Amino acid sequence: MTERAVFGVGIGESALDDQANDPALQRAIHEELLEDLAVHGQLVFTSDGELARFAAAVRTLPTHLAKAWETVLSSQRVTVTVADPQTTPDLSEMDDASALEQRVAPAVSLVLLDGDQAELLGVARDEFSAVTPGGRVEIGRLTTATRTATILGAQRVLDAPMREDGNREEEWDERLGPLAAASSPIVIYDKYVGMQTARRYLFGFTSGDGLTWLMTRLAMLPHRRVRIITAVPSPKPGKEPIDERAIAVAMLELREHVDRPIGLDLVLVPERQRVGEDRTVERFGHDRHIRFGDRAALALGLGVQSLEHPHFRETIAVARLPIRDAKDREERAVRAAVRPPRKGWLPWARSLRSGQD
């Protein structure tokens with residue numbers, strides 16, 4: 001089984017009753033699982049009926065756990081879907097591992113069941129899980145879900161550095177792509193990405209830029225919308241004039257280069273603002289991150305430019321940011337941003353370019 005940052009998970013309704021005789025342990029088990037699902041999981045049910053019965057089972061849990069599960073089921077942090085076509089019987093009624101695999105793979109990588117059913121389907125009492133005969137689905141108990149290979153592997157993928165000589169396509173397949181497919185909106189907060197894009201599309205730099213590669217991949221996903229928050233550099237003698245116009249036109253060129261529908265919202269922030277005669281205040285920090293909705297925010301040591309080459313030239317640190325911290329950083333930048341034209345930066349850039357033509 002390939003490790004991925006986000007995966008499909010099916011949960012049998014009867015699994016919610018395990019450990020009901022130990023409230024403290026039950027609470028800890030469910031809270032840990034819910035946190036992992038919020039970051040890594042997509043809940044997949046085999047039918048509308050199974051989803052309804054699972055929701056009914058949730059309501060029988062202790063009040064605090066019922067509210068926690070209901071929040072997950074109704075929130076945007078965890079995608080909840082029903083298989084198409086729908087099938088029966090429910091996961092809680094399955095008694096054959098091969099039939100279960102045929103039913104849910106490849107949409108589901110992990111199935112969580114109650115202890116007795118998991119043992120019936122091949123999970124030994126002294127093991128956390130077992131893999132179905134075809135190797136495509138892991139079966140585990142809800143009570144030990146956070147020790148399954150699928151969840152532990154997703155945690156490793158999310159936290160791993162981008163290692164020297166690593167392949168950016170594998171990075172997309174295992175980490176960035178699954179996060180992007182399961183999250184909305186996607187926010188790129190990167191001081192330098194506007195400058196890098198302008199240098200490629202307007203000033204003839206022969207090196208590529210990581211943003212073009214990333215946007216091309218994101219555009220392959222339906223209905224993606226990306227917000228880019230980047231800096232407008234202070235003018236420097238002898239350097240190319242990269243101002244709001246240059247960045248906006250370059251971003252328009254990039255979106256047309258991608259040649260697929262994708263929403264793009266551009267926020268331009270002054271690099272510095274002068275206060276008094278001799279002092280300057282930073283308005284845009286060097287920190288860089290990509291936020292995938294409310295699921296995860298990843299700080300990249302070299303920013304989006306890390307993805308410039310097919311293979312990484314050096315090992316690049318990746319750190320998880322608390323979602324609230326990432327949003328606070330973005331909100332401060334938006335408050336400091338240059339006021340955009342009435343119709344937005346990209347329509348303005350298009351009108352400028354048409355006028356020049």
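Quick note: the coordinates plus some simple rules give every number you see, no bench work behind them. The structure presented is a predicted model; accordingly, all values stated were derived computationally and were not measured. Cβ sites come from the backbone with ideal geometry, for glycine too, and all protein chains shown count toward neighbours.
What is the gain in length, in nm to one decimal, between Ser74 and Ala336 on full extension, counting 0.36 nm per residue of separation less the C-alpha to C-alpha distance?
This chain segment gains 90.9 nm when fully extended.
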Exercise. Got a sec? Charge dipole of the range 162-246, +1 on Cβ for Lys and Arg, -1 for Asp and Glu; which of Gln196, Gly166, Ser234 is way out at the positive end?
Worked result: Ser234
For this session: Diagonalise the Cα gyration tensor of the range 162-356 and give the resulting equivalent ellipsoid semi-axes, square root of 5 times each eigenvalue, largest first, whole Å.
Result: 25, 20, 18
Seminar exercise, completed: proj_area_mean for the range 1-79 (convex hull on C-alpha atoms), units nm², value 5.5
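Could you size up the charge dipole of the chain around its Cα centre, putting +1 on the beta carbon of Lys and Arg and -1 on that of Asp and Glu, and report it in debye to the nearest 20?
Numbers: 46 positive and 54 negative charges, 489 e Å.
Value, rounded to 20: 2340 debye.
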Problem set entry | Lys/Arg +1, Asp/Glu -1 at C-beta; the range 31-112 dipole; positive extreme among Thr71, Leu91, Gln102 | Thr71
Exercise. Cα-based count: Lys pairs in the range 162-356 below 28 Å, eight or more positions apart or different chains?
Worked result: 5
Problem set entry | Reported label for calculated Cα extents along the principal axes in Å given (i) 68, 56, 41; (ii) 73, 40, 37; (iii) 60, 48, 37 | (ii)
Problem set entry | Cα-centre dipole for the range 162-356 with unit charges at Cβ (Lys and Arg positive, Asp and Glu negative), debye to 20 | 780
Exercise. How do Arg77, Arg332 rank when sorted from fewest to most other Cβ atoms within 10 Å of their own Cβ?
Worked result: Arg332, Arg77
Problem set entry | Label point distance in nm, Asp84-Lys343, each placed 7 Å from Cα along Cα→Cβ | 3.5
Exercise. Which value, in debye to the nearest 20, gives the size of the charge dipole of the range 110-265 about its Cα centre, when Lys and Arg are +1 and Asp and Glu are -1 at the Cβ?
Worked result: 560
Exercise. In the range 55-199, if every C-alpha pair distance is counted and binned at 5 Å from zero, what percent goes to each bin?
Worked result: 2, 8, 12, 15, 18, 17, 11, 6, 4, 3, 2, 1, 0
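Could you order the peptides 213-220, 62-69, 2-9 from most to least packed, using the average number of other C-beta atoms within 10 Å per residue? Don't skip to the answer; put the middle values down first.
Details: 213-220: 19.6, 62-69: 15.0, 2-9: 21.9.
Listed from highest to lowest mean packing, they are 2-9, 213-220, 62-69.
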Exercise. Residue by residue, what Karplus-based ³J(HN,Hα) values in Hz, rounded to whole numbers, does the range 137-147 have, using 6.51, -1.76 and 1.60 with θ = phi - 60° and x for Gly and Pro?
Worked result: 9, 9, 10, x, 8, 4, 5, 10, 4, 6, 9
